[in-house]
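The values are calculated or read from the model by the stated rules, or taken from the named source; none is laboratory data. Computed from a prediction, not measured in an experiment: that's the story for all the values here. In this analysis, Cβ positions are derived from the backbone assuming ideal geometry, glycine residues included, and neighbour counts consider all displayed protein chains. Protein only, heavy atoms only, side chains kept; ligands, DNA and RNA dropped before computing areas. Shrake-Rupley method; radii C 1.70, N 1.55, O 1.52, S 1.80 Å.
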4 protein chains.
Amino acid sequence: MMAKEDRQRAILECAKQLFAARGYHGTSIADIIKEAAVARATFYVYFNSKAAVFHALIDSALETIVSKLKPVLTGANVDRENVLRQLRVNLSHALGPLFSDPCLAKIFVSEVESVDDDATKKLKVFYGNLVTWLEESLEEGMSLGIVRKCNSRITAIAIVGMLRGIVLAISDDNHQLDFHEVVEEITANVAQGIII
Amino acid sequence: MMAKEDRQRAILECAKQLFAARGYHGTSIADIIKEAAVARATFYVYFNSKAAVFHALIDSALETIVSKLKPVLTGANVDRENVLRQLRVNLSHALGPLFSDPCLAKIFVSEVESVDDDATKKLKVFYGNLVTWLEESLEEGMSLGIVRKCNSRITAIAIVGMLRGIVLAISDDNHQLDFHEVVEEITANVAQGIII
Amino acid sequence: MMAKEDRQRAILECAKQLFAARGYHGTSIADIIKEAAVARATFYVYFNSKAAVFHALIDSALETIVSKLKPVLTGANVDRENVLRQLRVNLSHALGPLFSDPCLAKIFVSEVESVDDDATKKLKVFYGNLVTWLEESLEEGMSLGIVRKCNSRITAIAIVGMLRGIVLAISDDNHQLDFHEVVEEITANVAQGIII
Amino acid sequence: MMAKEDRQRAILECAKQLFAARGYHGTSIADIIKEAAVARATFYVYFNSKAAVFHALIDSALETIVSKLKPVLTGANVDRENVLRQLRVNLSHALGPLFSDPCLAKIFVSEVESVDDDATKKLKVFYGNLVTWLEESLEEGMSLGIVRKCNSRITAIAIVGMLRGIVLAISDDNHQLDFHEVVEEITANVAQGIII
DNA sequence: GATGAATGAGCATTCATTCAT
DNA sequence: TATGAATGAATGCTCATTCAT
């Protein structure tokens with residue numbers, strides 16, 4: 001007999017892997033319970049619906065990431081090197097969990113359509129907030145002379161897209177990216193651009 | 001009575017809008033034929049399956065974009081300005097059609113799961129090729145001293161992600177980005193990075 | 001191939017018999033389509049839900065009965081015999097269809113619980129209206145001196161119950177009541193009571 | 001800790017109210033145990049099944065009523081007044097418990113379909129017996145010259161229906177009938193009919 | 001070619017009941 | 001005795017696809 005929490009975790013874990021592998025719509029309750037080795041009704045003891053598992057996964061993913069993010073501190077005596085260091089830290093914290101769990105990464109970039117809206121909306125809101133926050137940071141950076149003059153909105157969107165691209169790559173089996181290299185490279189790109 | 005091609009095009013167009021708005025799984029054959037004002041069986045006169053319409057849309061989208069892309073020419077007498085100009089042109093050509101048709105943009109970044117593999121695979125292959133091509137270009141650029149030393153694979157992935165982010169933003173009603181600003185901004189980011 | 005209306009009627013008829021025999025909750029869609037010899041989805045071409053068939057049956061039953069009822073005319077020169085004749089006519093019209101279709105009778109007295117409320121409510125409203133109408137008729141009859149002084153509400157309820165009892169008996173295979181005798185007997189009971 | 005019998009009674013009482021309010025099929029075990037504040041498995045300690053509780057309720061209801069009924073005594077020196085008095089007494093005894101417990105009344109007239117046959121059959125048998133007994137009484141009454149010549153079967157069915165109608169009205173919140181008036185009225189109807 | 005009726009495989013969900021403690 | 005976790009059979013319903021005209 002399993003502890004109650006373990007059971008829930010097992011279902012969650014199986015669902016995560018299946019959703020990551022076959023997508024939300026490609027995964028049936030039958031698949032999940034077979035993988036988790038529980039009876040049909042048992043699934044519903046722990047989750048009210050298929051959508052509910054997905055919600056839980058999204059929530060957990062967001063929680064995992066968001067809790068790690070720290071605001072970038074700036075001020076009088078904050079130089080370029082300092083900002084880049086903070087950037088590196090945030091990137092490491094954000095990407096770390098995704099690197100160690102490709103399924104989480106997959107869920108994170110999944111654009112699941114037509115699930116009970118809430119779930120997708122949560123992710124959308126997250127990315128939207130990320131963009132807004134970056135936008136404001138860029139504005140502040142410009143006023144401090146740390147950031148070159150740019151269209152902050154477009155740039156923010158581009159950076160978030162860049163990160164999503166990385167996460168998508170992580171979630172793909174064959175890319176095999178190295179965590180530290182990624183962090184360094186992203187930082188460098190942001191810092192220097194690509195073309196000399 | 002409609003000409004045969006018009007009928008097909010009508011179905012395709014309606015399907016595109018519906019897929020863009022509600023997603024592949026959120027759109028039923030019933031939705032499509034209602035919108036296109038054709039009978040159920042008529043749909044199957046023109047397309048073998050729901051997946052087939054999606055395939056056709058993907059194909060058309062890819063064709064539209066790919067045909068516009070030109071290889072970036074480099075050589076002895078190619079300077080930084082020249083390369084950036086070519087980059088701008090390619091970006092304009094690639095993003096142009098997507099800007100004028102947000103539904104196309106949506107399809108383009110859609111990560112539809114569990115459609116008969118082929119469709120998703122085509123998009124994946126496209127993005128994969130894009131990454132590979134960029135990777136090679138970066139390598140070449142490095143050897144020519146035009147590109148700073150970097151991990152070409154990661155950087156390529158990041159850039160493609162950046163573009164995807166932009167396209168995703170285009171496909172979203174509320175972002176309202178300006179075409180030329182976007183092209184300039186992306187170019188600038190690639191050229192200079194963000195942090196001074 | 002069946003005409004469209006025939007198909008619907010066939011389903012309706014089978015559903016009626018099954019509902020009458022096993023009750024609403026004791027009848028599954030599987031039962032209905034097996035009896036009607038149609039495919040599962042075909043059922044849903046004609047009815048939106050299991051409850052919808054029941055609604056249709058109730059509606060049809062009520063329509064059948066209600067359309068036959070005529071208001072009892074009274075006035076200066078209306079004597080006891082005349083009123084009783086009108087009563088007989090109404091009884092005949094109301095009970096006739098139920099006598100010729102025991103399943104209809106069964107549906108008519110069925111007190112189906114927890115179907116999408118509407119259906120049950122319709123029947124309840126019908127019986128409620130019947131009671132109210134009878135109540136008013138009794139009141140009028142009293143003021144005309146045709147009806148003995150009585151509690152019109154209780155009496156109305158009792159009469160409607162009497163009728164329901166008859167209909168229930170009709171719907172039972174083994175009672176084998178004679179239509180004309182029933183009409184006469186009810187009229188006589190109303191007219192004379194039972195105990196001398 | 002509750003005494004064993006109290007537990008059982010509590011479950012029974014809650015079930016009765018729920019069945020009366022939402023019907024048998026509209027009431028789940030979950031509803032019952034929540035209302036009775038007992039654990040799921042505890043329910044099955046006291047009752048073997050959902051149907052069993054219903055059986056018990058029917059049994060108790062029938063017991064309550066049947067035990068009160070007294071045979072109507074007739075004989076040489078029994079006049080009309082005497083018979084009516086006995087009728088009144090029986091009615092009072094039968095309707096009394098139902099008036100004081102509308103839920104009991106509801107159960108009593110419930111025509112629950114597709115419960116494990118036994119329960120419904122018991123009620124059916126009860127009503128059948130009632131009809132038969134009335135039928136015989138009417139026959140006897142006729143031979144004694146107390147009852148007018150009538151079709152005893154139909155009349156018996158009608159009278160039982162009348163009573164059922166009253167009980168149904170009792171079980172409905174909004175009717176608010178007065179016990180004594182009902183008894184008087186029924187007696188009067190039986191004695192005199194309605195139309196003068 | 002054009003149509004709409006017909007189809008069945010598939011799915012999420014419910015619920016009375018049993019098991020292990 | 002009392003419990004709550006676990007269960008699987010059953011059910012209503014959907015939807016892409018095919019058939020007959």
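Among the numbered conditions (1) assigned to a helix (DSSP H, G or I); (2) surrounded by 16 or more Cβ atoms within 10 Å (Cβ to Cβ); (3) among the polar types (S, T, N, Q), tell me where residue D:74 comes up short. Among (1) assigned to a helix (DSSP H, G or I); (2) surrounded by 16 or more Cβ atoms within 10 Å (Cβ to Cβ); (3) among the polar types (S, T, N, Q), the lone unmet condition for residue D:74 is (1).
Look at residue A:45 and say whether it is within 12 Å of DNA strand F (Cβ to nearest atom), over 27 Å from residue A:179 (Cα atoms), crowded, with 16+ Cβ neighbours inside 10 Å and aliphatic (A, V, I, L, M). When the stated conditions are applied, residue A:45 does not pass them. Check whether at least one residue in the stretch C:9-23 is part of a loop (DSSP other than H, G, I, E, B) and within 16 Å of DNA strand F (Cβ to nearest atom), and report yes or no. Yes, some residue in the stretch C:9-23 is part of a loop (DSSP other than H, G, I, E, B) and within 16 Å of DNA strand F (Cβ to nearest atom).
Only one of the numbered conditions (1) buried (at least 19 other Cβ atoms within 10 Å of the Cβ); (2) of a type in the set (S, T, N, Q); (3) at the interface with chain C (Cβ under 7 Å from one of its Cβ atoms) is violated by residue D:192, and that is (1). Among residues of the stretch B:59-82 that are among the polar types (S, T, N, Q), those with a beta-carbon under 7 Å from a residue that is open to solvent by 50 Å² or more (accessible area, probe 1.4 Å) at least six positions away or on a different chain give the pairs B:74/B:140; B:74/B:144.
Out of C:87, C:104, one residue alone is farther than 23 Å from residue C:191 by Cα and either within 14 Å of chain D (Cβ to nearest Cβ) or more than 13 Å from DNA strand F (Cβ to nearest atom) (or both). It is C:104.
Checking each residue in the stretch B:107-121 for being of a type outside the set (A, V, I, L, M, F, W, C) and within 12 Å of another protein chain (Cβ to nearest Cβ) picks out B:110, B:111, B:113, B:114, B:116, B:117, B:120. When each of D:21, D:61 is tested for being within 19 Å of the chain's Cα centre (by Cα), under 27 Å from residue D:124 (Cα atoms) and within 14 Å of chain C (Cβ to nearest Cβ), the lone residue that passes is D:21. Restricting attention to the stretch A:24-35, the residues that are within 14 Å of chain B (Cβ to nearest Cβ) and either away from DNA strand F (no atom under 11 Å from the Cβ) or of a type in the set (Ser, Thr, Tyr) (or both) total 5.
Mind telling me which of the residues B:95, B:104, B:84 ends up being assigned by TED's automatic domain parsing to the domain that holds residue B:166, at pLDDT 85 or above, closer than 21 Å to residue B:26 by Cβ and part of a helix (DSSP H, G or I)?
B:104
Screening the stretch D:32-42 for residues that are closer than 20 Å to residue C:114 by Cα and open to solvent by 40 Å² or more (accessible area, probe 1.4 Å) and picking the one that is farthest from DNA strand E (Cβ to nearest atom) gives D:35. With respect to residue D:54, is the statement that it is part of a helix (DSSP H, G or I) and within 14 Å of another protein chain (Cβ to nearest Cβ) true? Judged against the criteria, residue D:54 is a match.
Each residue in the stretch D:48-71 was checked for being open to solvent by less than 70 Å² (accessible area, probe 1.4 Å) and touching a Pro at 6+ places or on another chain (Cβ under 8 Å), and 2 of them qualify. The combined condition, being of a type in the set (A, V, I, L, M) and surrounded by fewer than 22 Cβ atoms within 10 Å (Cβ to Cβ), is not fulfilled by residue B:159.
Number of residues in the stretch A:1-31 that are within 8 Å of DNA strand E (Cβ to nearest atom) and touching a Phe, Trp or Tyr at 6+ places or on another chain (Cβ under 7 Å) equals 2.
Within the stretch C:143-156, the set of residues being at the interface with chain D (Cβ under 9 Å from one of its Cβ atoms), buried (at least 21 other Cβ atoms within 10 Å of the Cβ) and among the aliphatic types (A, V, I, L, M) comprises C:147, C:154. Sub-6 Å Cβ pairs linking a first residue in the stretch C:37-53 that is over 17 Å from residue C:18 (Cα atoms) to a second residue that is of a type outside the set (Asp, Glu) and part of a helix (DSSP H, G or I), at least 6 apart or interchain, are C:46/C:8; C:46/C:11, ordered by first then second residue. Just one of the listed residues (C:112, C:38) is outside the structural domain of residue C:130 (by TED's automatic domain parsing), part of a loop (DSSP other than H, G, I, E, B) and more than 11 Å from DNA strand F (Cβ to nearest atom), namely C:38. Pairing each residue of the stretch A:126-153 that is without any contact (Cβ under 8 Å) to a residue 12 or more places away in the chain with any residue that is among the acidic types (Asp, Glu) and not in a helix (DSSP H, G or I), provided the two are 6+ apart or on different chains, yields C-beta distances under 9 Å for A:151/B:178.
Mind listing whichever residues of the stretch D:159-184 are within 7 Å of chain C (Cβ to nearest Cβ) and over 14 Å from residue C:156 (Cα atoms)? Passing the criteria: only D:160.
Within the stretch D:40-49, not a single residue is modelled with pLDDT of 95 or more, farther than 20 Å from residue D:101 by Cβ and in contact with a Lys or Arg (Cβ under 6 Å, 6 or more places away or on another chain).
Looking across the stretch D:114-142, the residues that are open to solvent by 30 Å² or more (accessible area, probe 1.4 Å) and either in contact with an Asp or Glu (Cβ under 8 Å, 6 or more places away or on another chain) or within 16 Å of DNA strand E (Cβ to nearest atom) (or both) come down to D:114, D:116, D:117, D:118, D:120, D:122.
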